[in-house]
1. Filter segment 62-99 down to the residues that are assigned to a strand (DSSP E or B) and either farther than 22 Å from Val12 by Cα or among the aliphatic types (A, V, I, L, M) (or both) and list them by number.
2. Condition first: at pLDDT below 90, polar (S, T, N, Q) and farther than 17 Å from Arg77 by Cα. Can you find one or more residues in segment 174-195 that meet it?
3. For segment 5-19, indicate whether the set of residues that are part of a strand (DSSP E or B), surrounded by 14 or more Cβ atoms within 10 Å (Cβ to Cβ) and modelled with pLDDT of 95 or more is non-empty.
4. Would you point out the residue of segment 174-225, among those that are buried (at least 17 other Cβ atoms within 10 Å of the Cβ) and of a type in the set (Gly, Ala, Ser), that is farthest from Asp160 (Cα to Cα)?
5. Do the conditions hold for Glu10, that is, is it over 30 Å from Ser196 (Cβ atoms) and in contact with a Ser or Thr (Cβ under 9 Å, 6 or more places away or on another chain)?
6. For segment 117-136, how many residues are out of contact with any helix residue (DSSP H, G or I) (no Cβ under 6 Å at 6 or more places or on another chain), surrounded by fewer than 19 Cβ atoms within 10 Å (Cβ to Cβ) and not in a loop (DSSP other than H, G, I, E, B)?
7. Here is a check on your reading of the model: is Leu151 under 29 Å from Trp67 (Cα atoms) and touching a residue at least 60 places away in the same chain (Cβ under 8 Å)?
Amino acid sequence: MVLAEVDSPERVTPPFAIHAESSLVPVPLQFEPHSHPLHELVWVRGGTMTVQLQGLVLTVPQGHGIWLPAGLEHAGRMTANTQLCDALFDPNRSRLRPEFGTSTPVAVEMSPVLESLLTYLEGTDLTEQARLNAEAVVFDALAPAARQLALQVPSVGRLDPVVQSLLEDPTDARGLGDWSRELGLSERTMTRLFRSETGLSFQQWRQVLRVHHAVELLAEGLEVQEVAALLGYAQPSTFIASFKRVMGVTPGAFEARGRNAVSSGLEA
């Protein structure tokens, strides 16, 4: 399902600073590019979300959220049977750490305390003081995650065909030589452009993009061996090593952490 418009509040009723809401998304969902006049913290339970901004692709797995500053245009997609959770923050009444005061998105670790507080704030029968007290603790608990799961996207026009093709299909197996011939660019030029734009070689950039895609596939319930085959790895062990280099943990440990995050959220 594709949403061309996103229906969300444009203001938070004073004296409050946070509006929290959640909904079940039963089918794969894609959001077209949009922005909010409020800061947004979005996270999911039971699935994975990918957020695309100009120049960045961010993967939001279970247990993590993404902070999107007010006015920042973004698009996104999520896997089926996912609980979409959203909190909107008034820019003028939110007491934020300096890391959240810029125009840059920030990955957030959704601790059980933070998730529980925001779920609590979804209630419509809270007293004014109870809501204000909970909001104050949210601002104390809200902090950047240790690992920022973002991939820089090259902005050089000459690389657009390869970048768009791989964003649409990370399993595309065409190598640097194939793209070089198709685009009329030397391999050396393509390597230099990828390195200067992203800090990575073409092969490294594609590998990180595939790991981001692997997070989605694992969230959909595929086995590690299936994901490795779909992404073109000859051996599951090679995929596992690549995944660990990017995510810091093996696919198995990542899945277990996601299950624990869902359990904690349900218990909260």
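The values are calculated or read from the model by the stated rules, or taken from the named source; none is laboratory data. This one's a predicted model, so the numbers in the text were calculated from it and none came from an experiment. Glycine also receives a Cβ, built like all others from the backbone with ideal geometry; neighbour counts cover every protein chain displayed.
1. Answer for segment 62-99, where residues must be assigned to a strand (DSSP E or B) and either farther than 22 Å from Val12 by Cα or among the aliphatic types (A, V, I, L, M) (or both): His64, Ile66, Leu68, Ala75, Gly76, Arg77, Met78, Thr82, Gln83, Leu84, Ala87, Leu88.
2. No - not one qualifying residue is present in segment 174-195.
3. Yes: one or more hits.
4. Once the filter is applied, the top-ranked residue is Ala219.
5. Considered against the rule, which asks whether it is over 30 Å from Ser196 (Cβ atoms) and in contact with a Ser or Thr (Cβ under 9 Å, 6 or more places away or on another chain), Glu10 comes out as no.
6. Of the residues in segment 117-136, 8 are out of contact with any helix residue (DSSP H, G or I) (no Cβ under 6 Å at 6 or more places or on another chain), surrounded by fewer than 19 Cβ atoms within 10 Å (Cβ to Cβ) and not in a loop (DSSP other than H, G, I, E, B).
7. It is true that Leu151 is under 29 Å from Trp67 (Cα atoms) and touching a residue at least 60 places away in the same chain (Cβ under 8 Å).
One line per residue, one yes/no per condition, for (1) assigned by TED's automatic domain parsing to the domain that holds Val60; (2) in contact with a Gly (Cβ under 6 Å, 6 or more places away or on another chain); (3) of a type in the set (Lys, Arg); (4) at pLDDT 90 or above:
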position: Ser103; (1), (2), (3), (4): yes, no, no, no
position: Pro112; (1), (2), (3), (4): yes, no, no, yes
position: Glu115; (1), (2), (3), (4): yes, yes, no, yes
position: Phe202; (1), (2), (3), (4): no, no, no, yes
position: Leu217; (1), (2), (3), (4): no, no, no, no
